[in-house]
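Peer 1: Structure incoming, see below.
The values are calculated or read from the model by the stated rules, or taken from the named source; none is laboratory data. It should be emphasised that the depicted structure is a prediction, and the values quoted were computed from it without experimental measurement. Here the Cβ positions follow ideal geometry from the backbone for every residue, glycine too, while neighbour counts run over all protein chains shown. Accessible surface is based on the protein model in full, side chains and every heavy atom, while ligands, DNA and RNA are left aside. Shrake-Rupley method; radii C 1.70, N 1.55, O 1.52, S 1.80 Å.
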Amino acid sequence: MAEPPKCAGIEHLSGRYTVCTFDPAKDTIRLYGAKTLGSVGASYDQLNTHLLRNGQHMSFAMNGGMYHHDYGPVGLLVEHGRETGALNHDDAFGNFFMKPNGVFWIGDGGAGVMETEAFAKAGLSPVAATQSGPMLVIDGKIHPRFLPDATSLQIRNGVGILPDGRVAFAISDVPVRFHDFATLFRDRLRCKNALFLDGSISSLYSPEIRRHDRDAVMGTIIAVVKKLPW
């Protein structure tokens, strides 16, 4: 029996989205920072080259969090069990600091999305993690600062955990407001917790649906990695 597609188009409210789902118990989900790839700004082509040198390739990738002008992470970044960016508790302006923000993490065959302070108290040692903000859905509730009639429309992408433990990555195919994007995760995907990854630079790599956003330059990339079939 053929494996069901990982990525599919979904219509929700007035928007269109691409949603890709993976099982952290079966699929290897990892994070890669621009400095790991030895570049100022990371791209999917650079990551593919990096992986091929190590006998691997990627079957999916998405921009994985916000970054400074030098493409270093704004908050926590864990790559292959090594912390390359520290957890950020600061208060400031911008989407990252629209509290509560949160962390997407992978480890021990599972994955999660947690509000930042809850993650700090949990004492987890993930193999991969990225901090971003704002949270889209917190314990089944929409972020309190999102307005149903907001006028800010952007291409947006984020990540949530499905009821069965699979990870759902979503990117809007048209500009959408925060509130509508959050309801996609809560009402359509039934995620109790979901995290915004970014807007405007949002991008996707998925050979399955013949999509490769080559112009994307990122600070962090989330990828599903596989060994090359020798």
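Peer 1: Select the strands (runs of 3 or more DSSP E) contained entirely in segment 128-230, then report the ones holding at least 1 residues which are charged (D, E, K, R), open to solvent by less than 20 Å² (accessible area, probe 1.4 Å) and within 18 Å of residue 102 (Cα to Cα). Full working, then the answer.
Peer 2: Working: elements: 128-132, 135-138, 156-161, 167-172, 194-199, 204-206, 220-227.
Of the strands (runs of 3 or more DSSP E) lying wholly inside segment 128-230, those with at least 1 residues that are charged (D, E, K, R), open to solvent by less than 20 Å² (accessible area, probe 1.4 Å) and within 18 Å of residue 102 (Cα to Cα) span 156-161.
Peer 1: Quick test of your reading of the structure: residue 24 fulfils all but one of (1) closer than 19 Å to residue 198 by Cα; (2) under 15 Å from the mean Cα position of the chain (by Cα). Name the failing condition by number.
Peer 2: (1)
Peer 1: Can you tell me which residues in segment 161-178 are free of Cβ contacts under 8 Å to residues at least 60 places away in the same chain and hydrophobic (A, V, I, L, M, F, W, C)?
Peer 2: Here is the first cut: in segment 161-178, the ones free of Cβ contacts under 8 Å to residues at least 60 places away in the same chain are 161, 163-164, 175, 177-178.
Within segment 161-178, 161, 178 meet the criteria.
Peer 1: Oh, and also: Check 155, 138, 106 and return the single one that is of a type outside the set (D, E, K, R) and touching a Ser or Thr at 6+ places or on another chain (Cβ under 7 Å). Even if it seems obvious, please write down each step before you answer.
Peer 2: Details: 138 fails: touching a Ser or Thr at 6+ places or on another chain (Cβ under 7 Å); 106 fails: touching a Ser or Thr at 6+ places or on another chain (Cβ under 7 Å).
Just a single option satisfies the conditions, and that option is 155.
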